[in-house]
1. So which helices (runs of 4 or more DSSP H) are wholly in region 290-401 and hold at least 1 residues that are over 30 Å from Met170 (Cα atoms) and basic (Lys, Arg)?
2. Might you let me know whether region 91-106 holds any residue that is outside any helix (DSSP H, G or I) and out of contact with any Phe, Trp or Tyr (no Cβ under 9 Å at 6 or more places or on another chain)?
3. Determine, yes or no, whether Ser54 is of a type in the set (Ser, Thr, Tyr) and assigned to a strand (DSSP E or B).
4. Which residues, counting only those in region 382-429, are out of contact with any helix residue (DSSP H, G or I) (no Cβ under 9 Å at 6 or more places or on another chain) and touching a residue at least 24 places away in the same chain (Cβ under 8 Å)?
5. Look through region 169-212, keep the residues that are of a type in the set (Ser, Thr, Tyr) and touching a helix residue (DSSP H, G or I) at 6+ places or on another chain (Cβ under 6 Å), and return whichever of them is surrounded by the fewest Cβ atoms within 10 Å (Cβ to Cβ).
6. Suppose we keep only residues that are out of contact with any strand residue (DSSP E or B) (no Cβ under 8 Å at 6 or more places or on another chain) and away from the ligand (no atom under 16 Å from the Cβ) within region 329-343. Which one would you say is nearest to Val317 (Cα to Cα)?
7. With the requirement that a residue be touching a residue at least 60 places away in the same chain (Cβ under 8 Å), touching a helix residue (DSSP H, G or I) at 6+ places or on another chain (Cβ under 8 Å) and surrounded by fewer than 24 Cβ atoms within 10 Å (Cβ to Cβ), what does region 225-254 give you?
8. Could you tell me which of the residues Leu370, Leu364 is surrounded by fewer than 18 Cβ atoms within 10 Å (Cβ to Cβ), of a type outside the set (Val, Ile, Thr), more than 19 Å from Lys216 (Cα to Cα) and within 16 Å of the ligand (Cβ to nearest atom)?
Amino acid sequence: MVLSPLVPLEAPSPAHICPADQACSYLEAAARELHLDQGVLTILSNPRKVVTVSIPIKLDNGEVRVFAGHRVQHCDILGPYKGGTRYHPAVTLQEVSVLAMLMTWKCALLGIPYGGAKGGIALDPNRYSVNELERITRRYTSELIKDIGPSVDIPAPDVGTSAREMAWMMDTYSMNVGHAVPGVVTGKPISIGGSRGREMATGRGVMIVVREALAKQGRAIADSRIVIQGFGNVGSAAALLLHQAGAKILAVSRGSGGIFAADGLDILALKAYSAEHDKNLKGFPGSVPISNAELLALPCDVLIPAALENQITTDNVDQVKASIVAEAANGPVSLEADRALEARGVTVLPDILANAGGVVVSYLEWVQGLSYVFWDEERVNREMEGLIVHAFQQVMEQSQMRQVPIRLAAYMLGVGRVAQALIDRGLYP
Ligand code: GLU
């Protein structure tokens, strides 16, 4: 048996280095505005539990490979831990820790009774067969068996995972405890208790906040030009819903490259094309290829980074021409770039608000599962829209009332609610 060392198999690229300081800077800025006690800030700056596991599996060719898997549970003051599971070569413990913290503020901002968590395995899912991915997911789940559960910590899909992985996780957990436990994960297939509307939920949330932000500027989706970086689950759903609402989607991209069409792309046809062409977009009729750098610099009304962290930085922020940037990804704008956009009067819709649609429908899925009553898609979308629009309005009010940028306003609401709950519960023992 040949064992490879326990290291991420694909080295993280510098572009994906995670902005840990950035997450703490936003937290500290909110704490200052809220006059939070230093002790409270110190508690909130640190995850409550960090788990790293080895995942040894046999590849299809018989070789044994060991992956590093993480789960970081940041805070469960408001309820069970909640957050996605990411499969990407750039996954590190630091990245997962930052993303877990973001989930805490996101859930609190949306008023849903969860704390933040995140999980991840450092691997490129495109390099492994379905059977290998199943073995990896099942082993990862059983390594975490004591740390997850419907009232403990509830994983969901994230970059590189989908309903398929959630079904494997649910099955593995259920087989280990001896009975079916659908509530251990969200974002699972509808056949085992998943919610209608979950797959499109994050993209739908993005569409809703973009619509609300445009309306505040006296504009409508129907006369806006939109550019989207990323055409995965979130980017493609946002593109489709915005396109259906009448927006011109000028350009979209994937890791393998982007495409541009001055008159707008037909997103439904593009989704079919991409499915037929191994997820590639290039060659789509009526479009021309475009690089990632060119895409981010396109003149447009709304720019939606829907890929990974740190895409808009000091290197390219001056080229951004959009008047609204909606963070569909987590952490796509660096701290310095965020300041530069703010100084130029660009409306930045922060990740903890803009991409919250996913976890909101995860919550609705969990609620439906706990009550054994399942809703139609129209009801799911309506309930979700209500929560997102309410949070959007609260953030805008806070920003105006306290004269602070939108991101800081969102953090103040999220952090403030968690801090208040911490103060009310008190410290154990
Ligand atoms: N991974 C998504 C996020 O970052 C969804 C998390 C969830 O549904 O728990 O918000």
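The values are calculated or read from the model by the stated rules, or taken from the named source; none is laboratory data. The structure presented is a predicted model; accordingly, all values stated were derived computationally and were not measured. In this analysis, Cβ positions are derived from the backbone assuming ideal geometry, glycine residues included, and neighbour counts consider all displayed protein chains.
1. Working: elements: 292-296, 335-343, 351-354, 357-371.
The qualifying helices (runs of 4 or more DSSP H) are 335-343.
2. Just the residues of region 91-106 that are outside any helix (DSSP H, G or I), to begin with: 91-92.
If we keep only those that are out of contact with any Phe, Trp or Tyr (no Cβ under 9 Å at 6 or more places or on another chain) as well, we get 91-92.
Within region 91-106 (the criterion being outside any helix (DSSP H, G or I) and out of contact with any Phe, Trp or Tyr (no Cβ under 9 Å at 6 or more places or on another chain)), the answer is yes, since at least one residue qualifies.
3. Numbers: of a type in the set (Ser, Thr, Tyr): yes; assigned to a strand (DSSP E or B): yes.
It is true that Ser54 is of a type in the set (Ser, Thr, Tyr) and assigned to a strand (DSSP E or B).
4. Applying the first criterion (out of contact with any helix residue (DSSP H, G or I) (no Cβ under 9 Å at 6 or more places or on another chain)) to region 382-429 yields 382, 386, 403, 420, 424-426, 428-429.
Once the filter is applied, which keeps residues that are out of contact with any helix residue (DSSP H, G or I) (no Cβ under 9 Å at 6 or more places or on another chain) and touching a residue at least 24 places away in the same chain (Cβ under 8 Å), region 382-429 yields only Arg425.
5. First, the residues of region 169-212 that are of a type in the set (Ser, Thr, Tyr): 172-174, 186, 191, 195, 202.
Next, only the ones that are touching a helix residue (DSSP H, G or I) at 6+ places or on another chain (Cβ under 6 Å) stay: 172-173, 186, 195, 202.
Working: Thr172: 20, Tyr173: 24, Thr186: 31, Ser195: 25, Thr202: 31.
Among them, the one singled out is Thr172.
6. Here is the first cut: in region 329-343, the ones out of contact with any strand residue (DSSP E or B) (no Cβ under 8 Å at 6 or more places or on another chain) are 330-331, 335-336, 339-340, 343.
Still in the running and away from the ligand (no atom under 16 Å from the Cβ): 335-336, 339-340, 343.
Numbers: Leu335: 11, Glu336: 9, Arg339: 10, Ala340: 7, Ala343: 12 Å.
Result: Ala340.
7. Asn233, the sole residue that qualifies.
8. Leu370
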